[in-house]
Amino acid sequence: MNRIFQLFLLSAVHMPVVAQSSVWTMERCVGYAVEHGIDLRRQRVETEQSHYDVRMARLELLPTIAAETTGQYSWGRNIDPETNTYNTITTFNNYYNVGAVLNLFDGGQAIKALRRARLARAQAETTLQKLAADKAINVMARFVEAVYSRCCVALTSRKLADSQALLAKTRRLFELGEKSRPDVVQMESHVADDDYQLLHQQNVARQALLALKAEMNYPTADSLCLDTTVATALSSASLSSTIAGAERLYSSFESLSPAVRAAQLSVEQSRYDWLICRAQQLPLLKVGAGLSTNYYRNLSQESGSANPFGRQFHNNLGEYVYLSLSIPIFAPGRWRSARRAKTDWMKARLNLVEVQRQLHDDIAKAVMDRDGYCREMRQMERKVVADSLAHYLCCRKYEEGMLSTFDLHTAAQTLQESRIRLLQMQLMLVLKQKLVNYYQGEPLWTSK
């Protein structure tokens, strides 16, 4: 018996752990969405591409080396390279060339392109952070909606059970002659209405869960058991927390905001685009060097009269060095590109101002909503207590024949609406508290 009792205790201890591991909390849902989101995976690929672009921009600073070979058949009137006279013969020419070209002055285009590639890499990484934060906020909102719908199902089921119990009591009182037949019919109508509300709320809960799975990129056919204790766990913690004002939050979070950082990097990229377009209007100076040789054969003569390939390849070998200067005199297309790049730079600066203003408004709204929901939740808690007491007294009066069925239904509906509104405020307070904590610098999720 002692052995059986010990095994029972061990199973009782381990069962909650197993059950808890299958429960999806808000943070777990956010982490899954950030890891498996399609837009985030696409941005990770673009981030890897930006690293490759930086390496390619570095290689542009090195000389360009190329090897070239050409084979040419000529017939009719052409120049004999042996006598340097015109003849009507058929010849075969084979040219070989290896050369290198280095830009001595290009207006700083290569350096500016390298700096712009580095900015693009930093912007890709920042955009990935911004998408992750946006995805986390969207998943949190969907999670709150799903938990709200699930809790509403529980409240509706509770109300249906109370109505069914009251209907059974009304039928019993009708058998005893203390209630009339209309009272029984009215109670049956209330039970049918509560049954319909439960069915409707279950459909809403399924749709909310499907929306959460879609936002997370979670398999639709797999089950997803949500943690519904988030309302009481986080709302009570938020009541005891103290948050600075919106202005103070904005000043501290502006440098950490991925959206602001991405807009700033976009401004810098636009400026470098303009500088590169301006540099294209400057002269281009390049130096080159290489080796060249060729092989010639007169096909109109006998095959033994031509020098062998190896001898000609060695005898015709030559070296060359050249310096090239290109000055753009009339290039209206480049002028237009420079003007367009400057306009894009101005637009990027205006977009930065807009992003900063939007961040300021979002922080102010989050703080105001958090404080408002906190006060409303406290008031609603007192209202739920009062409505619960009123409903209890109405039930006693109804049992004693001092209250009509309609008044009892009104009291029950008032209590149900108060409970649902309290639940809604608790969950919205959780969401807004998470946002305020994020603006304080806390992460929205913990990466593995």
Set of lysines near LYS179 by C-alpha distance (under 16 Å), chain-local residues within fewer than 8 positions excluded
LYS169, LYS397
Taking only Cα atoms, what is the 0 to 90° angle, nearest 10, from helix 38-59's long axis to the longest principal axis of the chain?
30
Region 274-333 to region 362-394: how many Å between their Cα centroids?
83
For the chain, set up a Gaussian network in which alpha carbons nearer than 10 Å are linked by springs, and say which option among LEU128, LEU210, LEU102 fluctuates the most.
LEU102
With a 1.4 Å probe and all protein chains kept in place, how much accessible area does ASP195 have, in Å² rounded to the nearest 10?
80
If the elastic network links every pair of Cα atoms under 10 Å, which of PHE309, PHE105, PHE406 fluctuates the most in the Gaussian network model of the chain?
PHE309
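How many percent of the accessible area of the chain is carbon or sulfur, using a 1.4 Å probe? Show your work: numbers first, answer last.
Values: 15100 of 27050 Å².
Carbon with sulfur: 56 percent of the solvent-accessible area.
Grab the DSSP H runs of the chain that are 4 residues or longer, score each as -39,500 (n - 2.57), total them, divide by all residues and round the 222 nm result to the nearest 500 deg cm²/dmol. Before the final figure, lay out each step's value.
On the way: 11 runs with 307 residues, N = 448.
Calculated mean residue ellipticity at 222 nm is -24500 deg cm²/dmol.
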Accessible surface, per residue, of region 253-393 when the full set of protein chains is kept, probe 1.4 Å, Å²:
63
Just to be sure I understand: with springs between alpha-carbon atoms less than 10 Å apart, which residue in THR410, THR156, THR70 has the highest mean-square fluctuation in the Gaussian network model of the chain?
THR70
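Report the gain in length on full extension from ALA386 to TYR86: 0.36 nm times residue separation, minus Cα-Cα distance, nm rounded to one decimal.
Details: separation 300, 0.36 × 300 = 108.00 nm, distance 11.57 nm.
The span from ALA386 to TYR86 would gain 96.4 nm if fully extended.
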Mind listing the phi-derived Karplus ³J(HN,Hα) values for region 348-360, rounded to whole Hz, using 6.51, -1.76 and 1.60 with θ = phi - 60°, and x for any glycine or proline?
5, 5, 5, 5, 5, 4, 5, 5, 5, 5, 5, 5, 4
Among the lysines, select those whose C-alpha is under 25 Å from the C-alpha of LYS130, and discard any that sit fewer than 8 residues away in the same chain.
LYS213, LYS347, LYS365, LYS432, LYS434, LYS448
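Pulled fully out, how much extra length does the chain show between ASP361 and PHE309, if you take 0.36 nm times their separation in residues and subtract their Cα-Cα distance? Don't skip to the end; give the middle numbers.
Details: separation 52, 0.36 × 52 = 18.72 nm, distance 7.90 nm.
That pair, ASP361 and PHE309, stretches by 10.8 nm at full extension.
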I need the phi-derived Karplus couplings for region 147-153: 6.51 cos²θ - 1.76 cosθ + 1.60, θ = phi - 60°, integer Hz, Gly and Pro marked x.
5, 4, 5, 5, 5, 5, 4
Rounded to the nearest 0.05, what FRET efficiency do ALA161 and THR220 give with R0 = 25 Å and r taken as the Cβ-Cβ distance? Could you check?
0.20
Identify which of the listed values of Kirkwood radius over Cα pairs in Å was calculated from the structure shown: (1) 30.3; (2) 22.4; (3) 23.3.
(1)
Under 5 Å between amide H atoms, partner at least 5 residues away or on a different chain: which partners does TRP24 have, H built in plane at 1.01 Å?
CYS225, LEU226, ASP227
For LYS179, what accessible area in Å² do you get when you roll a 1.4 Å probe over the heavy atoms of the protein chains, rounding to the nearest 10?
20
Would you give the gap between the C-alpha center of region 408-448 and the C-alpha center of region 141-167, rounded to a whole Å?
16
Per residue accessible area of region 105-199, 1.4 Å probe, in Å²:
50
Karplus-derived HN-Hα couplings along region 263-274 (A = 6.51, B = -1.76, C = 1.60, θ = phi - 60°), whole Hz, x at Gly and Pro
5, 5, 5, 5, 5, 5, 5, 5, 5, 5, 4, 5
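Below 8 Å between Cα atoms, with a sequence gap of 6+, how large is the relative contact order for the chain in percent?
The value is 23 percent.
The values are calculated or read from the model by the stated rules, or taken from the named source; none is laboratory data. Quick caveat, the model's predicted, so the values are computed rather than measured. Positions of Cβ are generated from backbone atoms using ideal geometry, with glycine treated the same way; all protein chains shown enter the neighbour counts. Quick note on the areas: whole protein, heavy atoms, side chains included, nothing else; ligands and nucleic acids left out. Shrake-Rupley method; radii C 1.70, N 1.55, O 1.52, S 1.80 Å.
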